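Engineer: Would you mind keeping the following structure in view while I ask a few things?
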């Protein structure tokens, strides 16, 4: 594949090296000449191009029309947004963007619903790690869907849980959630219905909107955790 990376920082350098090792064609656009040269020296490969990735002419010179993937990896969300807008206008490339402020995710997501931008937010990754391993050791996120808005979560039911002994229909889950499986020791994975009874020791797998995760945890575990 032909991949254009806009931003020659540490992440861009590591990413370019990994992609080159996988035999991909790579060009990295960096506006600071000294940084571009340093990157070329580190990679021992002249894949860098000095220029402003927010300039359509620079992207055209880099080969945007034939790009398979464009990675917007600058430290400025506005620049990353512009890179994605230009890329979508002039190519069919898949866009991957670094989002430094999670509040800006909605702006990126609204650009193209049919070919959405893949968003990487290090802030949210760190927060999720804290929530899973510090604030809420009794649940884990199996996977995320719809750009992270929907999660598949596994929760362990402790003794004394408000859900212990109750049917699923009586537990009072938020509307934006559905129990998809119950993992019970020494039994096959159970695909439940409304009459399925939850027991202490069960591991319940729930599909839930991210903002409703604390309510699901409160219903099954008894303690409301941060979203």
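Engineer: Calculated from DSSP H runs of 4 or more alone, at -39500 (n - 2.57) each and per residue, what is the 222 nm mean residue ellipticity of the chain, nearest 500? Could you put the intermediate results ahead of the total?
Structural biologist: Values: 8 runs with 70 residues, N = 227.
Value at 222 nm, helices only, nearest 500: -8500 deg cm²/dmol.
Engineer: Based on the mean of other Cβ atoms within 10 Å per residue, sort peptides 50-60, 98-108 so the most packed one is first.
Structural biologist: On the way: 50-60: 17.7, 98-108: 15.6.
The peptides rank, most packed first, as 50-60, 98-108.
Engineer: Further, regarding this structure: Fully extended, how many nm does the chain gain between residue 55 and residue 178 (0.36 nm per residue separation, minus their Cα-Cα distance)? Mind dumping the intermediate values first?
Structural biologist: Numbers: separation 123, 0.36 × 123 = 44.28 nm, distance 4.59 nm.
Result for the pair: 39.7 nm of gain on full extension.
Engineer: Right, next: Once Cα Rg over 2.2 N^0.38 Å is worked out from the coordinates, which option in [x] 1.35; [y] 0.96; [z] 1.31 does it equal?
Structural biologist: Structure-derived value, by its label: [z].
Engineer: Also: Calculate the FRET efficiency for residue 33 and residue 143 from the Cβ-Cβ distance with a Förster distance of 35 Å, rounded to the nearest 0.05. Before the final figure, lay out each step's value.
Structural biologist: Numbers: r = 42 Å, r/R0 = 1.20.
With R0 = 35 Å, the Cβ-Cβ based efficiency is 0.25.
Engineer: Output the 0 to 90 degree angle, nearest 10, between the alpha-carbon long axis of helix 33-43 and the longest principal axis computed from the alpha carbons of the chain.
Structural biologist: Computed tilt is about 70 degrees.
Engineer: Using a Förster radius of 35 Å, what is the FRET efficiency between residue 218 and residue 100 based on their Cβ-Cβ separation? Nearest 0.05, please. Mind showing how you got there, number by number?
Structural biologist: Details: r = 32 Å, r/R0 = 0.90.
Between residue 218 and residue 100 the formula returns 0.65.
Engineer: Relative contact order (percent) for the chain, with alpha-carbon contacts under 8 angstrom and 6 or more residues of separation?
Structural biologist: Numbers: 424 pairs, mean separation 30.1, N = 227.
Over the chain, the number comes to 13 percent.
Engineer: Also, quick follow-up: At what distance in nm do the modelled label points of residue 150 and residue 14 sit from each other, each positioned 7 Å from its Cα along Cα→Cβ?
Structural biologist: Modelled inter-label distance: 3.1 nm.
Engineer: Shifting gears a bit: With a/c under 1.5 counting as rounded, go ahead and sort region 2-120 into rounded, prolate or oblate using the C-alpha gyration tensor (a ≥ b ≥ c being the square roots of the eigenvalues; past the cut-off, prolate if a/b is larger than b/c, else oblate). Kindly include the intermediate steps, with their values, before the conclusion.
Structural biologist: On the way: a/c = 1.68, a/b = 1.50, b/c = 1.12.
Prolate.
Engineer: Only residues of region 68-84 count here: report those whose backbone N is under 16 Å from the spot 7 Å along Cα→Cβ of residue 112, or say none.
Structural biologist: 68-73, 80-84
Engineer: What FRET efficiency would be calculated for the residue pair residue 45, residue 65, taking the C-beta separation as r and a Förster radius of 25 Å, to the nearest 0.05? Provide the component values of the computation, followed by the final result.
Structural biologist: Working: r = 23 Å, r/R0 = 0.92.
Rounded to the nearest 0.05, the efficiency is 0.65.
Engineer: Sticking with this structure for a sec: What is the order of 32, 69, fewest Cβ neighbours within 10 Å to most?
Structural biologist: Working: 32 12, 69 19.
Ranked by crowding around the Cβ, least crowded first: 32, 69.
Bear in mind that the values in this text are calculations on the coordinates, not laboratory data. Keep in mind it's a predicted model, so treat the numbers as computed, not measured. Quick reminder, even Gly has a Cβ in these numbers, built from the backbone with ideal geometry, and neighbours come from all protein chains shown.
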